[in-house]
Every structure is written in structure tokens, then in C-alpha cells.
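Data first, discussion second: the structure below is written as C-alpha cells.
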Amino acid sequence: MTGNAIQVMQWLYNQDKDKKFTIKEFKEKRSLDQNAYAWKLINEIGNVLRKSKEEVYLQMLRDYGQGEIVSILSSINPKGYFKYYEKIGIGMINNKEFTHYMIYKGSSEFDRKEMSIFIDGIVQECKQLGISTLTPDEIALLKFIENASNT
């Protein structure tokens, strides 16, 4: 069920009172066209820089993606918990050593706005490397088509 607060409350009121529900804010997901375009450009950047697409993708996440800092006990390996991360420091709390990590959200988790920012950054990188991209109007259309499909 997707709706505003009043619509959701009315819908919930008519549900089985013994069931449990989770409510979260609705965010429009990025489109498959946006994702395909981002990966096309990431591959081209990788070809020019002679880097793997995974290396370029991680750099684009660092530069234009969404992230947050988490601190975990240094004895815990973060590999099983986070896919995209980097160590940024170490600190002591109550005589226990903690490692601080910057955790990056993968583009598959981006909403429409986050993906637009991500693509704009990748396009900027391409222009600096002399890689041709869609025109600004074509990129705007790519974003508009996503908006129109989710309304």
C-alpha cells in the first residue's frame, strides 16, 4: 500500500487487528535506464583509465554516492556486513578499540534524486576524460522518463 498518511491510516484501520505492519517513507527508485547508462559510462571510464569497472564504480560511489560513518569493534571484520566501505580511522571508547568506516550505499539502493546526482557526477568525469555522453537535454529526458513512469 502506498499513499499519504491519511490514506495509509484508513487502510490500516480496515486490516486484521492481529497482523503487524511496517511503515516506511516511499522513495521513487532509480530507473533501469538510468542504471544502464551509469554502467555504460563507468565501463568507458574504466577503458580509458585501464581500470576495472568495479574500481571505477567504487570511486564514483565515493565521489558522488551516499555514505555514512559507522564504528565497530576492531576485532570484527566488516566484510560480511558491508559491501562498499573503506577504513577511515581508529579510536578508543571505554578502553576498547573501534575502527571507523565510511559505508557507501550501492546504486541499486539509490532513489531517483540520488541516482540523478550520481549520473551527473559520472558525466562530469567523462567530460574531463574526453568521453562523449548524452547531451544535457537527453540526460534530462532520461530523468524525466523516470519521473513520468513513477507518477
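The values are calculated or read from the model by the stated rules, or taken from the named source; none is laboratory data. None of these values were measured; they are calculated from a predicted model. Every residue, glycine as well, gets a Cβ built from its backbone with ideal geometry; the counts of neighbours run over all protein chains shown. For accessibility, only protein heavy atoms count, side chains too; no ligands or nucleic acids. Shrake-Rupley method; radii C 1.70, N 1.55, O 1.52, S 1.80 Å.
A few remarks follow.
- Among the residues of region 87-99, not a single one is assigned to a loop (DSSP other than H, G, I, E, B), closer than 26 Å to residue 143 by Cα and open to solvent by 30 Å² or more (accessible area, probe 1.4 Å).
- The single condition from (1) touching a strand residue (DSSP E or B) at 6+ places or on another chain (Cβ under 6 Å); (2) assigned to a helix (DSSP H, G or I); (3) of a type outside the set (Asp, Glu); (4) open to solvent by 50 Å² or more (accessible area, probe 1.4 Å) that residue 128 fails is (1).
- Of the residues 120, 63, the single one that is modelled with pLDDT of 95 or more, open to solvent by 70 Å² or more (accessible area, probe 1.4 Å) and in a helix (DSSP H, G or I) is 63.
- If you go through region 72-86 and keep only what is open to solvent by less than 40 Å² (accessible area, probe 1.4 Å) and β-branched (Val, Ile, Thr), you end up with just 72.
- Residue check for residue 55: at negative phi, open to solvent by 70 Å² or more (accessible area, probe 1.4 Å) and touching a Ser or Thr at 6+ places or on another chain (Cβ under 9 Å): no
- Among the residues of region 106-117, the one identified as surrounded by fewer than 16 Cβ atoms within 10 Å (Cβ to Cβ) and assigned to a loop (DSSP other than H, G, I, E, B) is 106.
- The residues listed here are 103, 69; of these, the one that is in contact with a strand residue (DSSP E or B) (Cβ under 7 Å, 6 or more places away or on another chain), open to solvent by 30 Å² or more (accessible area, probe 1.4 Å) and either part of a helix (DSSP H, G or I) or β-branched (Val, Ile, Thr) (or both) is 69.
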